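Following: one structure in structure tokens, then a few remarks.
The values are calculated or read from the model by the stated rules, or taken from the named source; none is laboratory data. Values in this document were obtained by computation on a predicted structure and should not be read as measured data. Because the Cβ atoms are built from the backbone with ideal geometry, glycine has one as well, and the counts that use them run over all protein chains shown. Side chains are part of the model used for accessible areas, which takes the heavy atoms of the whole protein and leaves out ligands, DNA and RNA. Shrake-Rupley method; radii C 1.70, N 1.55, O 1.52, S 1.80 Å.
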Amino acid sequence: MNILSIDTSTQVMGVAVTTEEQTCALALSNSKKNHASRCVPMIQQVIQDGNLQITDINGIAVAQGPGSYTGLRIGIVTAKTLAWTLQLPLLGFSSLEIMAARAGAFSGWISPCIDARRGQIYTGLYQWQDGQLVSIIPDQIIPIQRWIALLEAQVEGPILFVGDDVRIHRQTMIETISSLTFQFGFAEQHVPDVAYMGRIAALRIAKDQLVYQAAEVEQFQPFYLRMAEAEAKLLAKQQGANA
């Protein structure tokens, strides 16, 4: 089963074609340039590099959020269009889960981080258990100091912080953490594992788990965790007018 995976949720964009057991082709780009102009060409490239045709694809997997509002929309609209046009199943994955998957050899706790601005991060806590990545603390948006306090209150053992945005909060983490054993991922561990989506998606499609069939793709929406700033201002204005 050939799965096309797309992750445009952060600055690091990834596209892959995988089966249950191997990565057929993979492309990554870490650039501030617009994902909109590069997503489709990257998809075309990985399909070509995998010696496949678009009609050889059996399913679509996409990062559903949290992350960049614009980035998420680009990836999800592309994935939904392909799923509808080709009549393929569609699966969504947490952007944070995809980050945590990169730390596959780490036996402790994994905290993937995406900067949410204003001293906040998108994060959650994950751990590999019996070969499966398990969510221990659900994905959320939270001030960095509050997240550290939560971890120190609930977690024992080493924690690995991963994600390209860890660099933004690295010093705050170092200064705030008092009782945790922790480390920061090396460069390769900060890159989301887009191929992980394809491997898991193939297994889920085979079992018909968490799958949106082609006729249902319009129901598939980004997982923002919070409203965009413009939407929040509009809602506040409407609530004020109705008061």
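Assorted remarks:
- Residue 184, sole failed condition from (1) open to solvent by less than 90 Å² (accessible area, probe 1.4 Å); (2) out of contact with any Leu (no Cβ under 7 Å at 6 or more places or on another chain); (3) farther than 25 Å from residue 20 by Cα; (4) at pLDDT below 95: (4)
- Checked against (1) closer than 11 Å to residue 4 by Cα; (2) more than 20 Å from the chain's Cα centre (by Cα); (3) open to solvent by 60 Å² or more (accessible area, probe 1.4 Å), residue 26 passes all but condition (2).
- Take the conditions (1) touching a Ser or Thr at 6+ places or on another chain (Cβ under 9 Å); (2) part of a strand (DSSP E or B); (3) closer than 19 Å to residue 171 by Cα; residue 147 misses just one of them, which is (2).
- Inter-residue pairs, beta-carbon under 7 Å, first basic (Lys, Arg) and in the range 158-172, second surrounded by fewer than 19 Cβ atoms within 10 Å (Cβ to Cβ), 6+ apart: 170/184
- Leading residue by the ranking (farthest from the chain's Cα centre (by Cα)) among those in the range 187-215 that are closer than 13 Å to residue 161 by Cα and open to solvent by 50 Å² or more (accessible area, probe 1.4 Å): 187
- Residue match in the range 159-171 (condition: open to solvent by 50 Å² or more (accessible area, probe 1.4 Å), modelled with pLDDT under 95 and part of a loop (DSSP other than H, G, I, E, B)): no
- Residue within the range 72-79 that is closer than 21 Å to residue 208 by Cα, in contact (Cβ under 8 Å) with a residue 40 or more places away in the chain, part of a helix (DSSP H, G or I) and of a type in the set (A, V, I, L, M) present: yes
- Test: residue in the range 122-133 that is more than 25 Å from residue 68 (Cα to Cα), open to solvent by 50 Å² or more (accessible area, probe 1.4 Å) and in contact with a Gly (Cβ under 8 Å, 6 or more places away or on another chain): yes
- Of the residues in the range 82-100, at least one is without any contact (Cβ under 8 Å) to a residue 12 or more places away in the chain, open to solvent by 20 Å² or more (accessible area, probe 1.4 Å) and within 20 Å of residue 220 (Cβ to Cβ).
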